[in-house]
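K.L.:
Quick one: the structure is below, questions incoming.
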Amino acid sequence: MRGFDTSKSRGALTPMLEQDLRDTAGDAEAALRLAPSVVQELDTADGDVRRQWEVLAGLGAIDLTVARALEPHIDAATILQQAHESESQPAITAPHGATWGVFAAEGPGSRLVARQSADGHWALHGEKPWCSLAGSVSHALITAWTSDHGRTLFAVSLSEPGVTIGAGNWVSRGLSGVRTVPVSFADVPAQPIGGEDWYLSRPGFALGGIGVAAVWWGAAASLVTALRDAYRVREPDQIALYQLGRADSALHAAGAVLADTARQVAARGDGPAEHAWAEALRVRCIVHDACETVLTATAHALGPAPLTQDEEHARRVADLQVYLRQHKPERDLADVGRGVLDGLPAVWTVS
């Protein structure tokens, strides 16, 4: 089986576009200007999950600010395509060059609701927390409560008069350019995408979570590459070799899991998987743990020098540490454990 490979991004993006993305490193708004071109070249409609994950990994290897800006836009394009195909959703009309965020987080003290008027139109009311790059993207796919127990996905233009981008308190040293703030909506027109809870129950929801893990993996791959290259120019001792082997083993195993998961998705086609979310969480947990192993191994092997004297390395470490924190390892592993009890297939099962 061919291994998971960040270099496959070069087969999906032209060398010119890839170089343009490299030139935007650390600049989320510059990366967003390239987002429509990335989606056009990636062609999310072809359904090749492995290719999409490898491109996301390639973006993570280039720069995490770039990847963090582009991943939601790519995800939004995929969601809109799925809605068009599975829900007979009319195509969303957005201006040429529109950029998208996906805002689905919930938080205490914040609640966004959608109300339908007598003429059938929908409007958003309330506040949505944790809206990354809300001040930079032109449009968003956003979840809002449409009943006491259900949420619906909506497409909305963030230039509507009733939209207020909050100031927030973004003091992060990692992903510092990916400002994440609350957004308030006051009677803002919105277009529903799918029915109630379609967004959370669609087969692609779990796959989107794995796409984020592919970004993490790509960033960690760049850290291991830097570690390897450091010991090609100076002789490593036994401890350094141990750390390189530790990082390589963890990343190799996680890459094999990503590749095998993509193979399974391709084999079963578009049909829903019985344990899709537990499977996705298991993959995310494996990749998360591999990335944390890489962070520790490279820190112990290279010491403080690159963290204090190498801008690209220091930024990648800080960015990855923040990006990984959107993962909830203990809670997610508990969900995997519940999945195992409910019949989640496992390679270790002996009876």
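Laboratory data are not the source of any read-out in this text; all were calculated from the coordinates shown. Predicted model, so just to flag it, every value in this text is computed and none were measured. Quick reminder, even Gly has a Cβ in these numbers, built from the backbone with ideal geometry, and neighbours come from all protein chains shown.
K.L.:
Would you confirm whether any residue within the stretch 139-155 is surrounded by fewer than 16 Cβ atoms within 10 Å (Cβ to Cβ) and more than 30 Å from Ser86 (Cα to Cα)? Before you say what the answer is, go through the steps one by one.
P.N.:
Start the filter on the stretch 139-155 by keeping residues that are surrounded by fewer than 16 Cβ atoms within 10 Å (Cβ to Cβ), which leaves 147-150.
Checking which are more than 30 Å from Ser86 (Cα to Cα) leaves us with none.
Scanning the stretch 139-155, I find no residue that is surrounded by fewer than 16 Cβ atoms within 10 Å (Cβ to Cβ) and more than 30 Å from Ser86 (Cα to Cα), so the answer is no.
K.L.:
Could you please give the count of residues in the stretch 102-124 that are hydrophobic (A, V, I, L, M, F, W, C) and not in a strand (DSSP E or B)?
P.N.:
First, pick out the residues of the stretch 102-124 that are hydrophobic (A, V, I, L, M, F, W, C): 102-105, 112-114, 118, 122-124.
After this cut, where a residue has to be not in a strand (DSSP E or B) as well, the list is 104-105, 118.
Within the stretch 102-124, residues that are hydrophobic (A, V, I, L, M, F, W, C) and not in a strand (DSSP E or B) number 3.
K.L.:
Mind checking which residues of the stretch 125-134 are in contact (Cβ under 8 Å) with a residue 60 or more places away in the chain and not in a strand (DSSP E or B)?
P.N.:
Looking only at the stretch 125-134, we keep the residues that are in contact (Cβ under 8 Å) with a residue 60 or more places away in the chain, and these are 125, 132-133.
Leu133, the sole residue that qualifies.
K.L.:
Oh, and also: In the stretch 133-163, what count of residues is obtained for those that are within 21 Å of Pro95 (Cα to Cα) and hydroxyl-bearing (Ser, Thr, Tyr)?
P.N.:
In the first step, residues of the stretch 133-163 are kept if they are within 21 Å of Pro95 (Cα to Cα); the result is 133-142, 153-163.
Among the residues that remain, those that are also hydroxyl-bearing (Ser, Thr, Tyr) are: 136, 138, 157, 159.
Final tally of qualifying residues: 4.
K.L.:
Among the helices (runs of 4 or more DSSP H) lying completely within the stretch 280-351, list those that include at least 1 residues that are closer than 18 Å to Leu258 by Cα. Reasoning before the result, please.
P.N.:
Details: elements: 305-309, 311-324, 329-341.
In the stretch 280-351, 311-324, 329-341 are the helices (runs of 4 or more DSSP H) which contain 1 or more residues that are closer than 18 Å to Leu258 by Cα.
K.L.:
Still on this structure, I have one more. Going through the stretch 271-328 one residue at a time, which ones are free of Cβ contacts under 8 Å to residues at least 12 places away in the same chain and under 19 Å from the mean Cα position of the chain (by Cα)?
P.N.:
Step one: filter the stretch 271-328 for residues free of Cβ contacts under 8 Å to residues at least 12 places away in the same chain, giving 296, 303-305, 307-311, 314, 325, 328.
Result: Arg325, Lys328.
K.L.:
Quick check on my filter: what residues within the stretch 62-101 are out of contact with any Asp or Glu (no Cβ under 9 Å at 6 or more places or on another chain), β-branched (Val, Ile, Thr) and not in a loop (DSSP other than H, G, I, E, B)?
P.N.:
Result: Ile74, Thr78, Ile79.
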